[in-house]
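Reviewing the structure listed below.
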Amino acid sequence: MSSTAGSRIVVTGATGNVGTSVVRLLSEDPQVESVRGLARRLPDWSPPKTEWSSVDLADEGADLAREFEGASAVVHLAWAFQPTHDPVRTWQTNVLGSLRVFEAAAAAGVPVLVHASSVGAYSPGPKDRAVDESWPTHGWPDAAYCREKAYLERTLDAFEREHPEVRVVRMRPAFLFKREAASEQRRIFGGRFLPGPLARPELLPFLPDIPGLRVQALHTDDAAEAYRLAVHTDVRGAFNLAADPPVDAELLGEMFGARPVRLPRTAARSAIAAAWGVRLLPASPHLFDAVLRLPLMDCTRARTELGWEPERSATETVEEFLQGFRQGAGADTVPLRGRKVG
């Protein structure tokens, strides 16, 4: 363990799905003296030991080094998923904004940088076995999300060589869900007007079973615990984060009491591409292509070196998320604001 008692932690993207969980856990941690949350829009939420700053990472004039002064660690979570039709804008926030975070952390003498990478950074891989952190991280180049995550992996490779005094940790979580994020994720991936009640079992007589659609999930709070442990533990490098079992049509069919029906990959992609093309669906067909190719991850390193173990199964996590989806659940931050549709 590293000596971080009385530490001051700065969290970027502090009002989103992962950020709210990380801030809450850090604010409850007796080893943490204070937390500074950075977000574009300040929340109504005021957890203990936490102060807020309004910062837009896409703003070249943002004084991040001043925000990071005296910090024991920076946990970098900020990420823009939208607009998928304008990858230049997401690049400005996600890539150029991250570069500003990395440079400012080094300039401010921050000793620990914990970066939110993703399973999306991985190159295409197997669905029938799990890969460890040595699997290549070249992403799926056609999907902006994966392209940006992979680019930052290369950036951190160079950053670590140039700044060996900074302990860099890269988290590569699976798909992250919690009840309070259901409305936000509906807006990001399904559209603002997608009715939540569509997730009711009685409305789904069958589920499409698309070849390759087998992914991992994790409760956001469990991922946040891994981030908290990474702040305090003297580790470096990448950590896969996921819960069992993998999520596929068979598992979802059992949850919904619906029969999986095989659907060709080309038919599913064509439908998504058509909806995305006329802006009815925010999630792009390029991201769909990437999801079908993501490898399953082996999380042994997180368990052995961080002492991390997810408290909830993937099944419990998805069930909680779907309940929140149906109810329009949210939280007291702008990104997580709840809204029931239908």
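The values are calculated or read from the model by the stated rules, or taken from the named source; none is laboratory data. No experiment lies behind these values; they were computed from the predicted model shown. Reconstructed Cβ throughout: ideal geometry from the backbone, glycine too, with neighbour counts over all protein chains shown.
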Exercise. Regarding ALA329, is this residue in a loop (DSSP other than H, G, I, E, B), crowded, with 17+ Cβ neighbours inside 10 Å and in contact (Cβ under 8 Å) with a residue 60 or more places away in the chain?
Worked result: yes
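Among the candidates SER54, SER34, which residue alone is hydroxyl-bearing (Ser, Thr, Tyr) and surrounded by fewer than 16 Cβ atoms within 10 Å (Cβ to Cβ)?
SER54
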Exercise. Of all residues in segment 60-82, which are in a loop (DSSP other than H, G, I, E, B) and either without any contact (Cβ under 8 Å) to a residue 60 or more places away in the chain or of a type in the set (Val, Ile, Thr) (or both)?
Worked result: GLU60, GLY61, ALA62, ASP63, GLU69, ALA80
Exercise. Hey, SER270 hits all of (1) within 24 Å of the chain's Cα centre (by Cα); (2) modelled with pLDDT of 95 or more; (3) surrounded by fewer than 21 Cβ atoms within 10 Å (Cβ to Cβ) but one; which does it fall short on?
Worked result: (1)
For this session: For LEU57, indicate whether it is farther than 19 Å from ASP157 by Cα and either part of a strand (DSSP E or B) or not charged (D, E, K, R) (or both).
Result: yes
Exercise. Within segment 75-109, restricting attention to residues that are touching an Asp or Glu at 6+ places or on another chain (Cβ under 9 Å) and among the hydrophobic types (A, V, I, L, M, F, W, C), which residue is farthest from ALA158 (Cα to Cα)?
Worked result: TRP79
Problem set entry | Residues of segment 103-131 that turn out to be outside any loop (DSSP other than H, G, I, E, B), crowded, with 17+ Cβ neighbours inside 10 Å and not aliphatic (A, V, I, L, M), as a count | 2
Exercise. In segment 273-312, what residues are farther than 27 Å from THR137 by Cα and either surrounded by fewer than 17 Cβ atoms within 10 Å (Cβ to Cβ) or free of Cβ contacts under 8 Å to residues at least 24 places away in the same chain (or both)?
Worked result: ALA274, ALA275, GLY277, VAL278, ARG279, LEU280, GLU311
Problem set entry | Pair list, Cβ under 8 Å, 6 or more apart: segment 233-251 residue farther than 16 Å from ASP132 by Cβ, other residue hydroxyl-bearing (Ser, Thr, Tyr) and modelled with pLDDT under 95 | THR233/SER2; ASP234/SER2
For this session: Residue by residue through segment 289-324, note down the ones that are part of a loop (DSSP other than H, G, I, E, B) and closer than 22 Å to LYS127 by Cβ.
Result: LEU292, ARG293, LEU294, PRO295, ASP298, CYS299, PRO310, SER313
